[in-house]
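The values are calculated or read from the model by the stated rules, or taken from the named source; none is laboratory data. Every value quoted in this text rests on a predicted model; they were computed, and no experiment measured them. In this analysis, Cβ positions are derived from the backbone assuming ideal geometry, glycine residues included, and neighbour counts consider all displayed protein chains. Ligands, DNA and RNA are excluded from the accessible area calculation, which covers all protein heavy atoms including side chains. Shrake-Rupley method; radii C 1.70, N 1.55, O 1.52, S 1.80 Å.
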Amino acid sequence: MPNDGPLPESLGSPPSVPGGAHAPTSLPANVERFVRWTWAFILYNLAVVAWGGFVRASFSGAGCGDHWPLCDGKILPGFATFEQKAEFAHRISSGLAIPMAALLLFFAFRVFPKGSAVRRGGGFVLLFTLTEGAVGALLVLFGWVAHKDSVSRTISMSVHMVNTFFLLGALTFTVLAASGVSKPKWRGQGPVGVALIVAFGSVLLLGVSGACSALGHMLQPTDNVLGSALAAGSHYLVRLQLMHPFVAASVGLYLVFLVGILNHFRPDPAVKQAGRWMLGVYVFQTALGVVNIWLKAPIAMQMAHLVLADLLWITVVIVASYSLREGVIRVESSADLPVFEGERSQGRALLKQYIALTKPRVISLLLFTTLATMFIAARGWPGGWLFTAVAIGGYLSAGAANAINMVIDRDIDGTMKRTSTRPTVTQDITSTNALAFGFGAAAVAAVLLALAANILTALMAMAGLVFYVVVYTLILKRRTWHNIVIGGAAGAFPPLVGWAAVTNSLPALAWVLFAIIFVWTPVHFWALALLIKDDYAAAGVPMLPVVRGDRVTVQQIAVYTVLTVAVTAVPFVQGQAGWLYLGSAVLLNAYLLILCGKLYKVIDRPRASRLFHYSMLYLALLFLMVAVDRAVLA
C-alpha cells in the first residue's frame, strides 16, 4: 500500500537527517526506489548548479550567442570555442532536468495515493524545474550574461537563485514525505513557527546577497571592497559586494539563535541533530567564503561555495520539517499555564504592554553606557544624527532581546511575584505576537545601525542579543549559578556598539569598558538576587543565593567588587584617561567597597538594596566621567 505520513511501527521510525542514526530499517520496495531516485535528483541538481556557477564565473554565458534553445542557431554547434562547449553542456544538463522532474512526478502518482503530500511535492518540483529553465532562457535572450553588468541582470540572477532554492526545497520536502516524515503543520506552532519563517527569509536573503556579491566580484573586481564601496559614485555592484559579509554574519547569528529556540521548544533528538547539521554547513560555508576571498575567488572555490549555499537551504528545510511534523517532542511556552481571563488591553493600554515587553527600566542603563561610550570614542559630541540613530537602534535591539526572553521564560515568570504581570504571562500579548515583535524590532535595529553607523555596529548589537537569548537565557539560566557570570557578558556589549558606531573599530579601550561591565555585573545582579531569592527558589532557577546561600553569595560579590576596582584603573594606566577620571573612580570605588564591606559584615535586605541601587549609579557615573575626562583632555 502506498505510504504517506508517519510510517507504521513495523517499518521503523522516520529518518533523522542525511547521515543520521535513525533511518528506518525498511521501506516498501517501490517507496525505497522513489526515495533513492529523489535523492539522486537532488544531487544532480546540485551538480547542475555548480556547473552553472562555472559558466558564469568563466564568462561563458554568451557561448551560444543570444539564441535559445538553439546554440548559435544550430541544434549541434561546431564547438569552436571553450565558452561554447561550456554553455552548451550547461544547457543540456539543465534541459535533462525537465524529463527527470516529469518522471519523478509520474512515479509519485504511481506509488503514492491521491491527496498525498508526495504528489504535491512532485508537482512543485516539476513547476520549479520549468521556471528554472525559463529564467535561464531569459538571461540568454536578453543578453544578461558574460560581461553584462546591468541592474536587470542582477535582478534576474537573484530570481534565479530564489527559484533554485524553491526547487531544492520542494525536492527535500518530497523526499522527506516519501520517507515517512509527516507533512509540516504550521498552524498552532507559536514561537517556533515564527522563528522558522524568519529563518527561511534570512537564508533566502543570504543566497540573494551571495549571488549579487559573486556577480560584483566577477564584473567589478576590487582589492579594497570597503573603500571602493564607500567611495562617491562607486558602481552599484561594488556597493553590493559589501552587503554579503554583513548578511552572512547576521544570518549566522540568527541560526545560532534558531537552534537555541528549537532546542528549548522542540527538544526532539531528530530536531537537535538536524540543527547541528545546519550549523555545521553554515560554519563550513563561511570558512570557505573567507578562503575564497583570500584566494581572490578561484572558480572552483566559487562553485563549492555556491553548492554549500544550496546545502544550507536544504538543511533549513529539513530542520523545519522535523520541527513541525506530527508527533515531534514539543514544549510550548503557553502550555499548562494560567491564561488571563479578564478583558485584554486595547489601544493605548496595549501599546503600553508592548513597551513593557522591552523592559525600558532595564534598558536605560544599557543605553546610557552605549551613548556615553560614543562621547568617549569621539572625545566630545558624536553628531546629532548618529547619536539619535544609535539611541533608537540600541533601544530596539535590547528591547527585542527582552521580548524574546519573556517568551522563553513565560513558564517561570508566571511563578514569580515580580514578573507575574508581564504581558506574556497574562497573555495580553500572545507568545507568537511577542516573538514576532522581538524579531521585527531586532531587524529594524540591525538595518538602522548598519545604515546610520556601520556594519560592525549592527553586528555588535546582534551579537549582544544572541548572547543574551541563547547563552544566558536558553543555555545557562536554568542550569547553573554561573549563569550571570558568563551570561552577564551580554550586558557588556553596549560599549562595543557605541564605540563601533563612532570609529568603525574596536580598540583596546572599548574592550576595557566591556570588561568593566562584565566584572561589575555579578556585584549588581547578586545584590538583587539576595532580595528576590524566594522568587527564584519558587521558580526553580539556580541563582547563587538559592543554591549556595547568602554567605557564599556575599563572598562572591566581594571578589567581583575587588575585580571591578582593579579593572577600572586600566584606562588611567593605559594613558587613555587622565587624573579627572582617576579621582572620580577612586571616590566611586571607595563607596562601592564600603557598601560591599557593610553587606559582608551583616547580610540583610537594607544593605543588599543599597548596594544594588548604588551599583547602577556607580556604573553610570563611571562612564560619564570617562567621557568628561577624555573631552577635557582633547
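Here are the numbers for this structure:
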read-out	value
Selection status of SER158, surrounded by fewer than 17 Cβ atoms within 10 Å (Cβ to Cβ), among the hydroxyl-bearing types (Ser, Thr, Tyr) and under 21 Å from GLY207 (Cβ atoms)	no
Within segment 552-585, considering residues that are part of a helix (DSSP H, G or I) and among the small types (Gly, Ala, Ser), the one farthest from LEU513 (Cα to Cα)	ALA558
Residue count, segment 157-167 (criterion: farther than 13 Å from LEU130 by Cα and out of contact with any Phe, Trp or Tyr (no Cβ under 6 Å at 6 or more places or on another chain))	5
In segment 94-141, the residues that are open to solvent by less than 50 Å² (accessible area, probe 1.4 Å), among the aromatic types (Phe, Trp, Tyr) and more than 19 Å from GLU32 (Cα to Cα)	PHE128
Some residue of segment 389-412 being within 22 Å of PHE257 (Cβ to Cβ), of a type in the set (Asp, Glu), assigned to a helix (DSSP H, G or I) and under 25 Å from the mean Cα position of the chain (by Cα)	yes
Single residue of THR568, THR521, THR553, THR564 found to be farther than 20 Å from LEU619 by Cα, among the hydroxyl-bearing types (Ser, Thr, Tyr) and crowded, with 18+ Cβ neighbours inside 10 Å	THR553
Test set (1) of a type outside the set (Ser, Thr, Tyr); (2) under 25 Å from the mean Cα position of the chain (by Cα); (3) buried (at least 21 other Cβ atoms within 10 Å of the Cβ); (4) within 26 Å of VAL628 (Cα to Cα) - LEU357 fails condition number	(4)
Residue pairs meeting the criteria (Cβ under 9 Å; at least 6 apart or on separate chains; first over 15 Å from ALA356 (Cβ atoms), in segment 382-408; second of a type in the set (Phe, Trp, Tyr) and open to solvent by less than 10 Å² (accessible area, probe 1.4 Å))	ILE408/PHE265
Matching residues in segment 123-144 - criterion: being modelled with pLDDT under 95, under 17 Å from ILE42 (Cα atoms) and in contact with a Leu (Cβ under 8 Å, 6 or more places away or on another chain)	GLU132
Residue under evaluation ALA89, criteria (1) open to solvent by less than 30 Å² (accessible area, probe 1.4 Å); (2) of a type in the set (Gly, Ala, Ser); (3) in a helix (DSSP H, G or I), criterion not met	(1)
Unmet criterion (only one of (1) in a helix (DSSP H, G or I); (2) touching a residue at least 40 places away in the same chain (Cβ under 8 Å); (3) open to solvent by 40 Å² or more (accessible area, probe 1.4 Å)) for ASP149	(1)
Of all residues making up segment 162-202, the number that are in contact (Cβ under 8 Å) with a residue 60 or more places away in the chain, assigned to a helix (DSSP H, G or I) and in contact with a Gly (Cβ under 7 Å, 6 or more places away or on another chain)	4
Filter result for VAL547 (under 27 Å from the mean Cα position of the chain (by Cα) and of a type in the set (A, V, I, L, M, F, W, C))	no
Flag for GLY487 being open to solvent by less than 10 Å² (accessible area, probe 1.4 Å), small (Gly, Ala, Ser) and at pLDDT below 90	yes
Residue check for LEU435: part of a helix (DSSP H, G or I), among the hydrophobic types (A, V, I, L, M, F, W, C) and at pLDDT below 90	yes
Condition broken by ILE429, with the remaining ones in (1) under 25 Å from the mean Cα position of the chain (by Cα); (2) in contact (Cβ under 8 Å) with a residue 60 or more places away in the chain; (3) part of a helix (DSSP H, G or I) satisfied	(3)
Tabulated pairs, segment 77-90, first over 12 Å from GLY61 (Cβ atoms), second assigned to a helix (DSSP H, G or I) and open to solvent by 40 Å² or more (accessible area, probe 1.4 Å), C-beta under 6 angstrom, 6+ apart or interchain	PHE79/LYS85
Search result, residues across segment 382-391 that are farther than 13 Å from PRO494 by Cα and open to solvent by 10 Å² or more (accessible area, probe 1.4 Å)	PRO382, GLY383, GLY384, TRP385, LEU386, PHE387, THR388
Filter result (within 30 Å of ARG276 (Cα to Cα), modelled with pLDDT under 90 and β-branched (Val, Ile, Thr)) within segment 318-363	VAL328, ILE329, VAL331
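Results for (1) farther than 30 Å from PRO267 by Cβ; (2) open to solvent by 50 Å² or more (accessible area, probe 1.4 Å); (3) at pLDDT 90 or above, shown as yes or no for each residue.
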residue	(1), (2), (3)
PRO14	no, no, no
ALA23	no, yes, no
PHE41	yes, no, yes
ALA80	yes, yes, no
